[in-house]
Amino acid sequence: MNTKDLAKKIEYFDNCYRRGDAKISDKEFDSLYNELRKRNPNHPIFGQSMKLLSLDNYCFSEWWAKSARDETMVVQPKFDGCALGLRYQSGTLVEAFTRSEKDVTEAARTICNLPLELPEDGIAVSEDPIEIRGELYAPNLTRTKSQALAAGHLRKKVPTGMGLSFVAYEILGSTADEIEDIKRLESWFFEIPPTNRTADPKQVKKWHKEWLAGELFENLPTDGIVVKVASGATKQKLGATSKCPNWAIAIK
């Protein structure tokens, strides 16, 4: 199969998956995706909008042994709301999109703590677009109600943003260390999540037990904790599948 046909095949299977009609397994799709990247890492398909990946939730001990041994890890709450991607061009919000790539820009503009303009710090106003991932959630509601309110807001014809906030926790495509990105997001006036750091897997398990007992992130609507590798270089090395990053997991 030539490269052109391979790219068309990937786009076809990806569109089927997003319509809820998966034609092949994730493993088969990843094999095609990786083959195209190996043949042509600069193929236009990789220059398209960054997608909002899901988080895997398999055994923490296995993930740590495979991906995070001897690494500093970042632990944050797993917010229960609606995943949202933001695209800024020359420092101005030009698009907001969901995991299914639905355009929800006008709904995003009504969220009171979501910056419509980024400060002129030399990075935010560059000609290259900046894409940020975060969660639309309700700070003062249970996780179920938070998710329902956020989803309902994105479906409304005339959304108001009432009762909702946006928390940012990733600069898509960034190669910087996790803490550096969090500080940068904060300097751009985004709400950022509570962030713990450790290199000890026992401490991660302790925090998870505290979350289960309602003693960690207890004032936020969460359905687990997120564990990430902090090093930007290691994140690059670990990479991602077409569905999940290899450098982060969710523990519920």
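The values are calculated or read from the model by the stated rules, or taken from the named source; none is laboratory data. Quantities reported herein were computed from a predicted structural model and do not represent experimental measurements. With ideal geometry, Cβ positions are generated from the backbone for all residues, glycine too; neighbour counts draw on all protein chains shown. When the accessible area is computed, the model is the full protein with side chains, heavy atoms only, and any ligands, DNA or RNA have been set aside. Shrake-Rupley method; radii C 1.70, N 1.55, O 1.52, S 1.80 Å.
A compact table of results
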| item | result |
| --- | --- |
| Restricting the range 4-30 to residues that are among the small types (G, A, S) and at pLDDT 70 or above, the residue that is least open to solvent (accessible area, probe 1.4 Å) | A7 |
| Of residues in the range 188-217 being within 16 Å of V229 (Cα to Cα) and of a type in the set (K, R), the one surrounded by the most Cβ atoms within 10 Å (Cβ to Cβ) | K205 |
| So V94, is it under 30 Å from C16 (Cβ atoms), in contact with a Phe, Trp or Tyr (Cβ under 9 Å, 6 or more places away or on another chain) and open to solvent by 40 Å² or more (accessible area, probe 1.4 Å) | yes |
| Residues within the range 237-252 that are part of a loop (DSSP other than H, G, I, E, B) and at negative phi, tallied | 7 |
| Among (1) part of a loop (DSSP other than H, G, I, E, B); (2) crowded, with 16+ Cβ neighbours inside 10 Å; (3) hydroxyl-bearing (S, T, Y), the one test that T234 misses | (1) |
| Subset of the range 38-87 [open to solvent by less than 30 Å² (accessible area, probe 1.4 Å), of a type outside the set (V, I, T) and at pLDDT below 90] | L52 |
| Out of K145, K209, K156, sole residue that is free of Cβ contacts under 8 Å to residues at least 40 places away in the same chain and over 17 Å from the mean Cα position of the chain (by Cα) | K209 |
| Among (1) surrounded by 21 or more Cβ atoms within 10 Å (Cβ to Cβ); (2) in contact with a Leu (Cβ under 7 Å, 6 or more places away or on another chain); (3) part of a loop (DSSP other than H, G, I, E, B), the one test that L114 misses | (2) |
| Pair list, Cβ under 7 Å, 6 or more apart: the range 90-111 residue within 15 Å of H153 (Cβ to Cβ) and touching a residue at least 24 places away in the same chain (Cβ under 8 Å), other residue part of a strand (DSSP E or B) and not hydrophobic (A, V, I, L, M, F, W, C) | F97/G85; F97/D103; I111/S165 |
| Members of the range 1-16 found to be out of contact with any helix residue (DSSP H, G or I) (no Cβ under 8 Å at 6 or more places or on another chain) and either of a type in the set (A, V, I, L, M) or within 19 Å of K243 (Cβ to Cβ) (or both), listed by number | Y12, N15, C16 |
| The listed residue being aliphatic (A, V, I, L, M) and open to solvent by 60 Å² or more (accessible area, probe 1.4 Å), out of L185, L141, L220 | L141 |
